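The values are calculated or read from the model by the stated rules, or taken from the named source; none is laboratory data. No experiment lies behind these values; they were computed from the predicted model shown. For neighbour counting, all protein chains shown are included, and Cβ atoms are generated from backbone atoms with ideal geometry for every residue, glycine included. The area values use the complete protein model at the heavy-atom level, side chains included, leaving out ligands, DNA and RNA. Shrake-Rupley method; radii C 1.70, N 1.55, O 1.52, S 1.80 Å.
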Amino acid sequence: MISQIDKTELLERFLHYVSFDTQSKPNAKHSPSSVGQMKLAMQLQKELIQLGLENVEVSKYAVVTAFLPANDPNLTKTIGLIAHLDTSPQCSGKNVRPEVIEQYRGGDIALGIGEEFISPVYYSFMQKLVGQTLIVADGTTLLGADNKAGIAEIMTALSILQKENIPHCNIRVAFTPDEEIGLGIHYFPMEKFSCDWAYTIDGGEVGELEYENFNAATAKVRFFGRSIHPGYAKGKMVNALTLACEFQQIFPVDEVPEKTDGKAGFYHLEDFSGDIEQVELTYLIRDFDEQNFAQRKAFIKSQVEKFNAKKGLKKPIELEIQDSYQNMYDVVKNVPQSIELADRAMKAVGVKPSHKPIRGGTDGAFLASKGLACPNIFTGGYNFHSKHELVSLQGMENTVQVIIEMLKCKGL
Ligand SMILES: [Zn+2]
C-alpha cells in the first residue's frame, strides 16, 4: 500500500496531466505533432528538476529525458522507464473533464449529463473494479489515461523514492511524443538513454506484462489498366479494378483480423483505391513468428510473380513491401531478467502477473529493433482511445508499487 498522501499526489498528478490537450495528429511529418505535447513536456521537465533528477532535457521534438543515479553502490544496473505524452487521434482529448467515482458500486456509470454510459454488460472487466475509485471522462472526450496514467505513475514512484530515500538502481526516464501515430519514437535519443533494459508503462489491466508483439510489414500492390470507352472496349480495355479484385481472391480467407486472435497472424486488406487505369491495394502483414512472417511476405511476392506470368500484362503489377516493426521478444528473450524482475516485483506487491502477447506494436518494439529490451507494464487503465476510457486509482497505485519494487533491483 502507498500512503494516503502519496495516493492524493498520484491522483492530482494524473488530473493535472489530463488537462493538457496532447492529441497527436495523423499524417504529421514532424514531432511534436501538437503544441500541447510540448507544453506537457515542459511541465514535466520542471517537475523532474524539482524531484532532483539530473540531466533533465526536452529536445525540440518534445522528448523528455532525465537521469537519477543509484543511491546504493551495490545497485549497479540502469533501468529505463518510458511513457508517451500524446493521446489518440481517434477521439478528442481537449477540455477533458474527469470525474472521480469513489467506491464504485457496480452497474452502469453515467458519463457527464448522462448521454453516454459505461456498462458492465459490454465491459465485463468492470465487475472486478467494484469498491475501487474510478476516474472517467464526461462522455465528450477520451480520458487520457493512455498514457498519462503511466506518466503520473512514473512521476509518483520517483517522488516516493526520493522522499523516503529508498535504495534504488540508476534510473533513466523518457517521455515521448506521438506514440499513437508511430512517429515520436523515431526521435528517441538512444545514445543518451543507455540502460540495461527499460519498460514502457503503457499497458491496461492490473498484472499485464507484455513482451511479445507482432512482426509487421505493409505491402502495396499496384495494378495498371487501360481505359477505353466501354462501348468499344472489346479486346482493348484492361480494367485495373477487376485485376485487383481477382488478385484479392488468392489470400486465405480465414487469415484476416476479424477471424484471428491470440498468436495467429493475418493478411489485412486495409485500403483499396483507384480506377480503371490504376489501383493500389494496401495489405498489413502481421505474425508473431519470425519464420511465418517471412513466409507471409514470400507468399505475396510469389503470388505477384504468378499473377504476372498468368496474365501476361503489358505493364506487370508492382509490389512494394516495407517492414514496420518487429517482435520485441527476439531481443527481450536475451534479457530474461527484464521479465523476471517485473514478475517478482508484481508478486511482491500482491499483483498476479499475466503475460500477454500484444496484437499490435509498441514503442518498445521499435526500441527492441535498436537493441533495447523494453517490455510493457500495466497502468490500470481500460477502454483506451475511447470516450469510455477509465482508470482505477487502485490499479494506478499498484503500478507505482511495482515500479518502486523493480527499481530496488532485488535479486539482481
Ligand atoms: Zn499508449
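Taking the criterion of being within 18 Å of N239 (Cα to Cα) and in contact (Cβ under 8 Å) with a residue 60 or more places away in the chain, the residues of the range 252-281 that qualify are E280, L281. Sub-7 Å Cβ pairs linking a first residue in the range 75-95 that is of a type in the set (G, A, S) to a second residue that is surrounded by fewer than 19 Cβ atoms within 10 Å (Cβ to Cβ), at least 6 apart or interchain, are S88/H385, ordered by first then second residue. Cβ-Cβ distances below 9 Å connect the following pairs, each with a first residue in the range 378-389 that is under 14 Å from M126 (Cα atoms) and within 12 Å of the ligand (Cβ to nearest atom), a second residue that is open to solvent by 10 Å² or more (accessible area, probe 1.4 Å) and in a strand (DSSP E or B), and a separation of six or more residues or different chains: E389/Y382.
Scanning the range 1-49 for residues that are within 30 Å of E102 (Cβ to Cβ) and part of a loop (DSSP other than H, G, I, E, B) returns M1, I2, S3, V18, S19, F20, D21, T22. Of the residues making up the range 94-110, at least one is within 16 Å of the ligand (Cβ to nearest atom) and within 25 Å of the chain's Cα centre (by Cα). Here F193 fulfils each of the conditions (1) open to solvent by 10 Å² or more (accessible area, probe 1.4 Å); (2) more than 16 Å from the ligand (Cβ to nearest atom) apart from (1).
Hey, could you check the range 10-38 for residues that are of a type in the set (K, R) and farther than 19 Å from V64 by Cα and say which is least open to solvent (accessible area, probe 1.4 Å)? Here the answer is K25. Just one of the listed residues (P167, P252, P230) is away from the ligand (no atom under 15 Å from the Cβ), closer than 30 Å to A309 by Cα and open to solvent by 50 Å² or more (accessible area, probe 1.4 Å), and it is P230.
With respect to the conditions (1) open to solvent by less than 20 Å² (accessible area, probe 1.4 Å); (2) modelled with pLDDT of 95 or more, G360 lacks only one, and its number is (2).
From the residues in the range 76-126 that are at positive phi and among the polar types (S, T, N, Q), which one is surrounded by the most Cβ atoms within 10 Å (Cβ to Cβ)? I'd like the intermediate steps shown before the answer.
Here is the first cut: in the range 76-126, the ones at positive phi are 95, 103, 106-107, 112, 114.
Filter again for among the polar types (S, T, N, Q), leaving 95, 103.
Values: N95: 11, Q103: 9.
Looking at residues that are at positive phi and among the polar types (S, T, N, Q), I get N95.
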